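Asks: Okay, handing you the structure first.
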Amino acid sequence: MKQKKNYNLLIGAATLLAIVTAVSLIGYAVSRPEPALIQGQAEATEYRISGKVPGRVERFCVSEGDHVRKGDTLVIIDSPETRARLAQAEALKATAEAQEKKAVAGAREEETAAAYELWQKAMAGEEIARKAYERAHALYAQKVISAQKHDEAEAQYQAARSTCAAAKSQYEMAVKGAREEDKAAAAALVKQAAAALAEVESYLGELCLTSPADGIVSARFPKTGELVGQGAPIMAVTDLDDVWFTFNIREDMLKGMKTGDRLSLSIPALGMDNCVATVTYISVLESYATWRATRDTGSFDARTFEVRAVPQGPIEGIRPGMTAILTRRITDNGERPCLPE
């Protein structure tokens, strides 16, 4: 009887121990924290389309969502001010070229002939004045005329000589044409006008904005007819061939991750569970992304790092902003989870 009683006690103790063990296992399984989830998103190179010339949107050539090729015309800007500046630059260049031709060609034949005739006339006047002076000088020497008459004849002769010399200089200038300095100045004005015209023509090229790369039109900011300023973005083109994934990871979860590591990603929007991407960039974020320790001992302030990973090949249907979940890291020794269990 006593032996049977002891046996029942053993059965009860074993049952109690089994119950306690089961409850402990269930409690541990229920209270065990779930592994942290590292979530990022897809990003792609985006080009902002803007022009150097302010104006009004005349016409959009593409719509949002359209696929475009590099060099395709996206939008046309209307700028009457630029066309007016073009007309001014063309007129300035024509004027400068005419001035240069005039400087190179020199005086016209009619002007040269007129200068020659004036010189000959001045020479004749000088000859008459010379003879008058010589007669007056002889008479003065004989005390026939006064000194005043002699001085007047001499002054008229000197004036005639100066007039003749000036007429000769005018004729020689007409024959030689413009000075070398004037010709150089005229040529410089032509170059200046040509440069101004080239500048305005380059602005005309900014009135038809083209795509800098293959991609998809992801945004259009103004509407047709609205004014746009210089450098203001008008459209955005996203290059879907240049896609990467960005993750913000706390430093205690990096587990020695480095550039060149391969990651296995899950993309829920595409139903893709094993997208392989290579880490190309790891950099700490600013101080605002620091995780502050809540205990005085046993913990530390953890910095947040930005990690970028580039997929190994094109992903059909990928779009910027799609969620990517980091599942495991692929190493030379196989695969292992990215996060501690």
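The values are calculated or read from the model by the stated rules, or taken from the named source; none is laboratory data. Every value quoted in this text rests on a predicted model; they were computed, and no experiment measured them. Methodologically, a virtual Cβ is constructed for each residue, glycine included, from the backbone with ideal geometry; neighbour enumeration extends over all protein chains shown. Side chains are part of the model used for accessible areas, which takes the heavy atoms of the whole protein and leaves out ligands, DNA and RNA. Shrake-Rupley method; radii C 1.70, N 1.55, O 1.52, S 1.80 Å.
Asks: Evaluate the following for Val53: is it of a type in the set (A, V, I, L, M, F, W, C), at pLDDT 80 or above and in a loop (DSSP other than H, G, I, E, B)?
Replies: yes
Asks: Which condition does Lys143 not pass, out of (1) assigned to a helix (DSSP H, G or I); (2) farther than 21 Å from Ile77 by Cβ; (3) modelled with pLDDT of 75 or more, if it passes all the others?
Replies: (1)
Asks: Residue by residue through the range 55-100, note down the ones that are surrounded by fewer than 18 Cβ atoms within 10 Å (Cβ to Cβ) and touching a Gly at 6+ places or on another chain (Cβ under 6 Å).
Replies: Scanning the range 55-100 gives a single hit, Asp78.
Asks: Among the numbered criteria (1) at pLDDT below 90; (2) touching a strand residue (DSSP E or B) at 6+ places or on another chain (Cβ under 6 Å); (3) aliphatic (A, V, I, L, M), which one does Leu209 miss?
Replies: Leu209 satisfies all of (1) at pLDDT below 90; (2) touching a strand residue (DSSP E or B) at 6+ places or on another chain (Cβ under 6 Å); (3) aliphatic (A, V, I, L, M) except (1).
Asks: Now for a separate question. Tally up the residues in the range 271-281 that are surrounded by fewer than 17 Cβ atoms within 10 Å (Cβ to Cβ) and under 36 Å from the mean Cα position of the chain (by Cα), please.
Replies: Number satisfying all stated conditions: 4.
Asks: Now for a different question. Any residue in the range 54-80 that is of a type in the set (Ser, Thr, Tyr) sitting within a Cβ distance under 6 Å of a residue that is in a strand (DSSP E or B) and surrounded by 19 or more Cβ atoms within 10 Å (Cβ to Cβ)? List the pairs, counting only those 6 or more apart or interchain.
Replies: Ser79/Gly55
Asks: Inside the range 219-258, can you point out the residues that are on the phi < 0 side of the Ramachandran plot and in a loop (DSSP other than H, G, I, E, B)?
Replies: If the condition is that a residue be on the phi < 0 side of the Ramachandran plot and in a loop (DSSP other than H, G, I, E, B), then Phe221, Pro222, Lys223, Thr224, Glu226, Gly229, Gln230, Ala232, Leu254, Met257, Lys258 are the ones that fit.
Asks: Might you check whether a residue that is at pLDDT 90 or above, among the polar types (S, T, N, Q) and over 26 Å from Gly65 (Cα atoms) occurs anywhere in the range 265-281?
Replies: Scanning the range 265-281, I find at least one residue that is at pLDDT 90 or above, among the polar types (S, T, N, Q) and over 26 Å from Gly65 (Cα atoms), so the answer is yes.
Asks: Pull up the range 133-149, narrow it to residues that are touching a helix residue (DSSP H, G or I) at 6+ places or on another chain (Cβ under 6 Å) and closer than 24 Å to Lys121 by Cα, then point me to the one that is least open to solvent (accessible area, probe 1.4 Å).
Replies: If we take residues in the range 133-149 being touching a helix residue (DSSP H, G or I) at 6+ places or on another chain (Cβ under 6 Å) and closer than 24 Å to Lys121 by Cα, then Ala136 is least open to solvent (accessible area, probe 1.4 Å).
Asks: Same structure again: Considering only residues that are outside any strand (DSSP E or B) and either in contact with a Phe, Trp or Tyr (Cβ under 7 Å, 6 or more places away or on another chain) or open to solvent by 50 Å² or more (accessible area, probe 1.4 Å) (or both), which ones fall in the range 303-331?
Replies: The answer is Arg303, Gln312, Pro314, Glu316, Arg319, Pro320.
Asks: Another one. Please list, ordered by first then second residue, the pairs with beta carbon atoms under 8 Å, 6 or more apart or interchain, first in the range 206-226 and in contact (Cβ under 8 Å) with a residue 40 or more places away in the chain and closer than 20 Å to Arg319 by Cβ, second open to solvent by less than 50 Å² (accessible area, probe 1.4 Å) and in a loop (DSSP other than H, G, I, E, B).
Replies: Ser211/Gly71; Ile216/Gly65; Val217/Val62; Val217/Gly65
Asks: Being surrounded by 15 or more Cβ atoms within 10 Å (Cβ to Cβ), outside any helix (DSSP H, G or I) and at pLDDT 80 or above, is that true of even one residue in the range 184-206?
Replies: Yes - at least one qualifying residue is present in the range 184-206.
Asks: Pairs, please: C-beta under 6 Å, at least 6 apart or cross-chain, first residue within 13 Å of Thr163 (Cα to Cα) and in the range 108-130, second at pLDDT 75 or above and open to solvent by 100 Å² or more (accessible area, probe 1.4 Å)?
Replies: Glu126/Arg161; Ala129/Gln156
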